[in-house]
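Following: one structure in structure tokens, then a few remarks.
Bear in mind these aren't lab numbers, they're just calculated from the coordinates by the rules spelled out. Just so it is clear, the structure is predicted and the values come from calculations on it, not from any experiment. In this analysis, Cβ positions are derived from the backbone assuming ideal geometry, glycine residues included, and neighbour counts consider all displayed protein chains.
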Amino acid sequence: MGTANVEFCYLYRDESNSKNFGSVIASNPLDKSIEALTEEFSTLLVDGQFFYHTDLGIPSLFFEDSIPGDISWHEFDEIILAPEDAEAEYDVEELLANLRNSQQ
């Protein structure tokens, strides 16, 4: 059967608390559990949930009308199993490596 892809769900929240949700599909070549991946990401994120989208190399969820001074963090929401027909755009191990590299 092979390993299942996962969906990394995240959001952007501006200063007025408006939210924009998104996700990326990632392969899971080491077949890690959802719980293990969640723990691994959480330990690398600021306060277990905040990150810069550029550190992971994933799309921004900023609003088109964002103003200078708006919050630039994105928030981790959850990792879930991706739908069976979803094609992976990323590799979860590369996302984790990107986070680790951004902290050096």
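Here are the numbers for this structure:
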read-out: Label-point separation, S18 to A4 (7 Å along Cα→Cβ), nm; value: 3.6 nm
read-out: Against the rule of thumb 2.2 N^0.38 Å, how large the Cα Rg of segment 1-87 comes out; value: 1.17
